[in-house]
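Working notes for the structure below.
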Amino acid sequence: MRKNQIVLFDLDGTLTDPGVGITNSVAYALKKYGIEIKDRTQLYPFIGPPLIDSFEKYFQFSEEEAKHAVTLYREYFRETGIFENKVYDGIAPMLEHLANSGKTLIVATSKPEVFAKQILEHFHLDDYFRYIAGANLDGTRAKKNEVIEYALEACGVTERASAVMIGDRDYDIIGAQKAGLDSVGVLYGYGSREELERAKATYIVKTVADLEQLLLAE
């Protein structure tokens, strides 16, 4: 993949495993609505897509209810959930190897940009990235293609053939397609092979080591 000198990474489920923090935050918000969640795996679909969309899709919230639920979610996430998170094994060495090979690394996440920066700084990963692009706190620029377009513009990338998007959910793959980029779906996150194949990922890899090998292939 020598042509892909610009590598965009999703954050949740791709660089870090935020499962505990996100599900705790969602459960906190739902409890305010009288909804008790016993099986936290039920909330895994919230990892990756914009939160408003997920509250509407999985709990049939109205747009106003979903916006309020996101506000409640952030009450917990801002102080506690944000750091109930861990970096996937092998990510830091891979980022170092990619950077040393001359590739430009960018984060493109539907998570609010301010939180994404905090998380990457906390885990000492921020220095690997040319730019960290995310959503606005008001819910705008949350769609993955919007974040990708914003990131590419911020970095002055005009040659789309030189860029590739890495992510674990169909939102990442579909967003890449809308932006005219190739994509790599990773199976160590929260999306299934079926999901990534259905979204027509350009490549699918199983492990972080497989991803590094693909990105560094001549």
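Quick look at the values:
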| item | result |
| --- | --- |
| Some residue of segment 147-162 being under 26 Å from F46 (Cβ atoms), part of a strand (DSSP E or B) and not charged (D, E, K, R) | no |
| Filtered residues of segment 107-117 (kept if surrounded by 16 or more Cβ atoms within 10 Å (Cβ to Cβ) and without any contact (Cβ under 8 Å) to a residue 60 or more places away in the chain) | P112, E113, F115, K117 |
| Search result, residues across segment 48-76 that are part of a helix (DSSP H, G or I), touching a residue at least 24 places away in the same chain (Cβ under 8 Å) and farther than 13 Å from G139 by Cβ | F59, E65, L72, E75, Y76 |
| P45, sole failed condition from (1) out of contact with any helix residue (DSSP H, G or I) (no Cβ under 8 Å at 6 or more places or on another chain); (2) open to solvent by 10 Å² or more (accessible area, probe 1.4 Å); (3) not hydrophobic (A, V, I, L, M, F, W, C) | (1) |
| Which numbered condition A201 misses (of (1) touching a residue at least 40 places away in the same chain (Cβ under 8 Å); (2) part of a loop (DSSP other than H, G, I, E, B); (3) open to solvent by less than 40 Å² (accessible area, probe 1.4 Å)) | (1) |
| Residue list for segment 89-106, restricted to those being assigned to a helix (DSSP H, G or I) and open to solvent by 20 Å² or more (accessible area, probe 1.4 Å) | A92, P93, E96, H97, A99, N100 |
| Residue within segment 13-31 that is touching a Lys or Arg at 6+ places or on another chain (Cβ under 8 Å), among the acidic types (D, E) and open to solvent by 10 Å² or more (accessible area, probe 1.4 Å) present | yes |
| Segment 96-125: number of residues that are touching a Phe, Trp or Tyr at 6+ places or on another chain (Cβ under 6 Å) and either over 26 Å from R78 (Cβ atoms) or at pLDDT below 95 (or both) | 2 |
| One residue from K67, K86 being open to solvent by 70 Å² or more (accessible area, probe 1.4 Å), under 19 Å from the mean Cα position of the chain (by Cα) and modelled with pLDDT of 95 or more | K86 |
| Long-range neighbours under 9 Å by Cβ, at least six apart or interchain, first residue over 15 Å from L15 (Cα atoms) within segment 91-103, second part of a loop (DSSP other than H, G, I, E, B) and open to solvent by 60 Å² or more (accessible area, probe 1.4 Å) | G102/Q5; K103/Q5 |
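The values are calculated or read from the model by the stated rules, or taken from the named source; none is laboratory data. Keep in mind that what you see is a predicted model, and the values were worked out from it rather than measured. So basically every Cβ, Gly included, is an ideal-geometry build from the backbone, and we count neighbours across all protein chains shown. For the accessible areas, the whole protein counts, side chains as well, though only heavy atoms, and no ligand, DNA or RNA atoms are used. Shrake-Rupley method; radii C 1.70, N 1.55, O 1.52, S 1.80 Å.
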